[in-house]
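The structure appears right after this line, and notes come after that.
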Amino acid sequence: MTRPVLFLHGGTVGGWSWAGQSSAFDDRLTLAPDLPGYLSRRDEPWTDFDSVADRLAAFIDREAGEPVDVVGLSLGGMVALHLAARYPAVVASVFVTGASVLPYRPSMRLMNWGPLMLWNRRFFWAGMARQFGLVGEEAKRFVVSCPPISRAKLAEQLHEVYPGGVTSLADVSAPLMAIAGEREMRYFHDCLQVVRAARPDATIGLAPGMHHAWNAEDPELFNRILRTWLDERAAHADLLPLGPSAR
């Protein structure tokens, strides 16, 4: 059965960041909305993960009219897990990468301090455009549209994210694949260990050679792994096994 796919973006971008996947999965209905508070929905409050999940469930009912396969990266991965736990009837499966489920470590909070201070500065977003591989008019449009969410709304997110445990993973009943980039910080690998402990039936692995936003870093690899999951509910041969925890 070919189901609709809902793509949920990370915390510094918007629905546009899934362009490389939306085009590759045009055999399905693909939905890649901006999350509340982001870009086209800047006027909406973020509030909290419960509220975001409530609005996404209503969006799925309206736009898809049936359960969807949910794909989330980073913040979007956290939202995907929360949506699946809160509204199991609208989620057919969950595919997440780089999803935080542990408390943020002090070093990570410190790393976030710089971007928060520069959040409203144009040069910061020009640098982000280069990181995302955007050039020319595409880069200009990106910088003009930034920041994608207000610093105050981002602070609301982080207030909930930093302590960890946003979602009870045991409440996620849908088929689950959880991935991190092989070259991501060890924290995200340790998050996978937590997912595996809570959901021993989940499919867990590492994307070879990849960093955090690997849907853009290597779209072909991402799409191969995602396609195998969506079509077969199985791990693609390219995935690496997760090693032991260093926590």
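Does Ala89 fit the bill of being open to solvent by less than 30 Å² (accessible area, probe 1.4 Å) and free of Cβ contacts under 8 Å to residues at least 24 places away in the same chain? It is false that Ala89 is open to solvent by less than 30 Å² (accessible area, probe 1.4 Å) and free of Cβ contacts under 8 Å to residues at least 24 places away in the same chain. A residue that is surrounded by fewer than 15 Cβ atoms within 10 Å (Cβ to Cβ) and either more than 19 Å from the chain's Cα centre (by Cα) or in a helix (DSSP H, G or I) (or both) can be found somewhere in segment 147-154. Exactly one residue out of Gly10, Gly37, Gly72 is surrounded by 20 or more Cβ atoms within 10 Å (Cβ to Cβ), part of a strand (DSSP E or B) and either small (Gly, Ala, Ser) or at positive phi (or both), and it is Gly72. Could you tell me how many of the residues in segment 196-222 are of a type in the set (D, E, K, R) and either under 18 Å from Arg186 (Cβ atoms) or assigned to a loop (DSSP other than H, G, I, E, B) (or both)? Looking only at that region, the number is 4.
Scoring Ala32 on the criteria (1) open to solvent by less than 30 Å² (accessible area, probe 1.4 Å); (2) in contact with a Phe, Trp or Tyr (Cβ under 6 Å, 6 or more places away or on another chain) leaves a single failure, condition (1).
Would you confirm, using the coordinates I've provided, whether Ile225 is β-branched (Val, Ile, Thr), touching a His at 6+ places or on another chain (Cβ under 6 Å) and either over 26 Å from Met111 (Cβ atoms) or assigned to a loop (DSSP other than H, G, I, E, B) (or both)? Taking the combined requirement at face value, the residue satisfies it.
Considering only residues in segment 184-240 that are closer than 20 Å to Leu81 by Cα and small (Gly, Ala, Ser), the one that is modelled with the lowest pLDDT turns out to be Ala213.
The set of residues in segment 58-84 that are farther than 20 Å from Trp214 by Cβ and touching a strand residue (DSSP E or B) at 6+ places or on another chain (Cβ under 9 Å) comprises Phe59, Ile60, Glu63, Ala64, Glu66, Pro67, Val68, Leu83, Ala84.
For segment 43-53, a residue qualifies if it is crowded, with 16+ Cβ neighbours inside 10 Å and not β-branched (Val, Ile, Thr), and the qualifying residues are Glu44, Trp46, Phe49, Ala53.
The values are calculated or read from the model by the stated rules, or taken from the named source; none is laboratory data. The structure presented is a predicted model; accordingly, all values stated were derived computationally and were not measured. Neighbour counts run over all protein chains shown; Cβ positions are idealised from the backbone, glycine included. These accessible areas exclude ligands, DNA and RNA; they are computed on the full protein's heavy atoms, side chains included. Shrake-Rupley method; radii C 1.70, N 1.55, O 1.52, S 1.80 Å.
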